[in-house]
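Visitor: Below is the structure I would like to discuss, written out as C-alpha cells.
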Amino acid sequence: MDLKRYSQISNEQFQQQLDKDTNHLLTKFKIKAKPWGTARKAINLFLRDALYNKYLSKNYKLDKVEPFLELPLDSIVAKSLKKLSDNTKELRYWPGLKHLTKEISQKYQNVAQKCATKQHLSKVHLDIILWTENRLQ
C-alpha cells in the first residue's frame, strides 16, 4: 500500500482513498465471500501502525491525517463503544467483523469520534484503550 496517497489530504479525500484501498484489498481475497469489515480493519491497523512508526510517520507526514484515521473495529471494541454511547439505539446491532458494512461501520466511527473528542485524542487511539479494557474484564 502506497502511504504517499495518504499524505496531506483532506478528510473527504482520506475517506475516498480508504474506501478505494478497502475495495482493492477485497479483490485480493481468494474466497467467495468478500468480508468488507475484515479488509477495513486490516487497513486501519496498518495505517495506525504506520502512524506509530516514527520513521514512516515522519516520512509520509501521517500526523496530518491522524485526525481522519478510523478506529479499527472488532467485537471487543464494538462492545466498549456500545457501553460508552449516549444513544443506545445508535449502536444496537453488531453484525460481526465478517458481516460489517460501510454503513454500520460509520455509525461506530461516529460514536468513536464523540468518545475520542471527550478524551481529547484522535479516535484511532481509542483502540488501545477500549480493547485493553475489555480484555481485562
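The values are calculated or read from the model by the stated rules, or taken from the named source; none is laboratory data. Quantities reported herein were computed from a predicted structural model and do not represent experimental measurements. Positions of Cβ are backbone-derived with ideal geometry, glycine not excepted, and every protein chain shown enters the neighbour counts.
Visitor: Please state which one of LYS82, LYS123, LYS64, LYS89 is surrounded by 13 or more Cβ atoms within 10 Å (Cβ to Cβ), free of Cβ contacts under 8 Å to residues at least 24 places away in the same chain and out of contact with any strand residue (DSSP E or B) (no Cβ under 7 Å at 6 or more places or on another chain).
Guide: Details: LYS123 fails: free of Cβ contacts under 8 Å to residues at least 24 places away in the same chain; LYS64 fails: free of Cβ contacts under 8 Å to residues at least 24 places away in the same chain; LYS89 fails: surrounded by 13 or more Cβ atoms within 10 Å (Cβ to Cβ).
After ruling out the rest, the residue left standing is LYS82.
Visitor: Would you pick out the residues in the range 35-60 that are of a type in the set (Ser, Thr, Tyr) and over 15 Å from ASP74 (Cβ atoms)? Can you show your working first?
Guide: Within the range 35-60, the first condition is being of a type in the set (Ser, Thr, Tyr), and the residues that meet it are 38, 52, 55, 57, 60.
Scanning the range 35-60 gives TYR52, TYR55, SER57, TYR60.
Visitor: Do the conditions hold for THR22, that is, is it of a type in the set (Ser, Thr, Tyr), assigned to a helix (DSSP H, G or I), more than 19 Å from THR132 (Cα to Cα) and touching a Phe, Trp or Tyr at 6+ places or on another chain (Cβ under 8 Å)?
Guide: Details: of a type in the set (Ser, Thr, Tyr): yes; assigned to a helix (DSSP H, G or I): yes; more than 19 Å from THR132 (Cα to Cα): yes; touching a Phe, Trp or Tyr at 6+ places or on another chain (Cβ under 8 Å): yes.
So THR22 passes the test.
Visitor: Can you name the number of the only condition in (1) at pLDDT 95 or above; (2) not in a helix (DSSP H, G or I) that ILE31 fails?
Guide: Looking at each condition in turn, ILE31 falls short on (1).
Visitor: In the range 93-108, which residues are in contact with a helix residue (DSSP H, G or I) (Cβ under 8 Å, 6 or more places away or on another chain) and surrounded by fewer than 16 Cβ atoms within 10 Å (Cβ to Cβ)?
Guide: Within the range 93-108, the first condition is being in contact with a helix residue (DSSP H, G or I) (Cβ under 8 Å, 6 or more places away or on another chain), and the residues that meet it are 93-102, 105, 108.
Answer for the range 93-108, where residues must be in contact with a helix residue (DSSP H, G or I) (Cβ under 8 Å, 6 or more places away or on another chain) and surrounded by fewer than 16 Cβ atoms within 10 Å (Cβ to Cβ): TYR93, PRO95, GLY96, LYS98, HIS99, THR101, LYS102.
Visitor: Given the condition at pLDDT below 95, farther than 19 Å from ARG40 by Cα and among the polar types (S, T, N, Q), answer yes or no: does some residue in the range 102-122 qualify?
Guide: For the range 102-122, residues at pLDDT below 95, farther than 19 Å from ARG40 by Cα and among the polar types (S, T, N, Q): present.
Visitor: State which residue is nearest to GLN106 (Cα to Cα) when the search covers only the range 15-56 and only residues that are surrounded by fewer than 16 Cβ atoms within 10 Å (Cβ to Cβ) and of a type in the set (Ser, Thr, Tyr).
Guide: Of everything passing the filter in the range 15-56, THR27 is nearest to GLN106 (Cα to Cα).
Visitor: Report yes if some residue within the range 95-114 is of a type in the set (Lys, Arg) and touching a residue at least 40 places away in the same chain (Cβ under 8 Å); otherwise report no.
Guide: So the first thing to find is which residues in the range 95-114 are of a type in the set (Lys, Arg), and the list is 98, 102, 107, 114.
Within this subset, residues satisfying the condition of being touching a residue at least 40 places away in the same chain (Cβ under 8 Å) are 98, 102.
Yes, there is a match, as at least one residue in the range 95-114 is of a type in the set (Lys, Arg) and touching a residue at least 40 places away in the same chain (Cβ under 8 Å).
Visitor: Right, another one. Could you name every one of the helices (runs of 4 or more DSSP H) located completely within the range 40-137 that has at least 1 residues being under 18 Å from LEU18 (Cα atoms), outside the structural domain of SER10 (by TED's automatic domain parsing) and of a type in the set (Lys, Arg)?
Guide: Working: elements: 54-60, 75-84, 102-118, 126-135.
Filter on the range 40-137 gives 102-118.
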